[in-house]
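To keep things clear, I will list the structure first and then write my remarks on it.
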Amino acid sequence: MKYLLLILGLFLFVGCKSEMDNSIKKGYFDDCQKATVEELVDGFFANPEWESFVSPDDNKYHLNVSGEITYEDKPANAVIQFEINDDKTWEINAFEINGEGQTEDMISDLVVGMCNEADEKKTGK
C-alpha cells in the first residue's frame, strides 16, 4: 500500500509540475502578447533548456530556462528564472548573463528584445 501511495503521489506531482511549467511556457507577457513565452524563448535562445523545481529557500515553484544568447555582439550564456506566486501568477524572478545577475531594466530590455525578435521573424524584416 505504501508503494501505491508513493507512486500516486509521484504522478500527481509530475502532473502538477507539468501544469505549472505550462502556465508559464504557454503564457504571455503583458507587454508582448504576440507569442507565448516558450515561442519567445525558442526564437531568442540557442538550444534552450528548461528545468523546474521548488526552492528550499522560499518554498516557491521556479522554472529556469538557460541557453545561449548574443550579448554585446558576443555569444553569452543566459538564465531566466520564472517564479510562480501564491496567487498562481508568474513573473521573472532573476536574469543572469554569464553568471552575473542583471537589473530590472535589463529584464525589461530582455522582454522587449525577445518580442522584437518575434516580430522580425513573423514579418520577415
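General observations
- Antiparallel beta bridges, as assigned by DSSP with both residues in segment 2-123, represent about 100 percent of the total such bridges.
- Per-residue HN-Hα couplings for segment 24-35 [Karplus 6.51, -1.76, 1.60; θ = phi - 60°; Hz; x = Gly/Pro]: 8, 4, 8, x, 10, 7, 4, 8, 8, 9, 7, 8
- The amide H of TYR71, built 1.01 Å from its N in the peptide plane, has ALA76 as neighbours under 5 Å, considering only residues 5 or more places off or on other chains.
- Note that segment 2-123 carries a Kirkwood radius of 15.5 Å, evaluated over its alpha carbons pair by pair.
Bear in mind these aren't lab numbers, they're just calculated from the coordinates by the rules spelled out. Just so we're clear, the structure is a prediction, and the values are computed from it rather than from any experiment.
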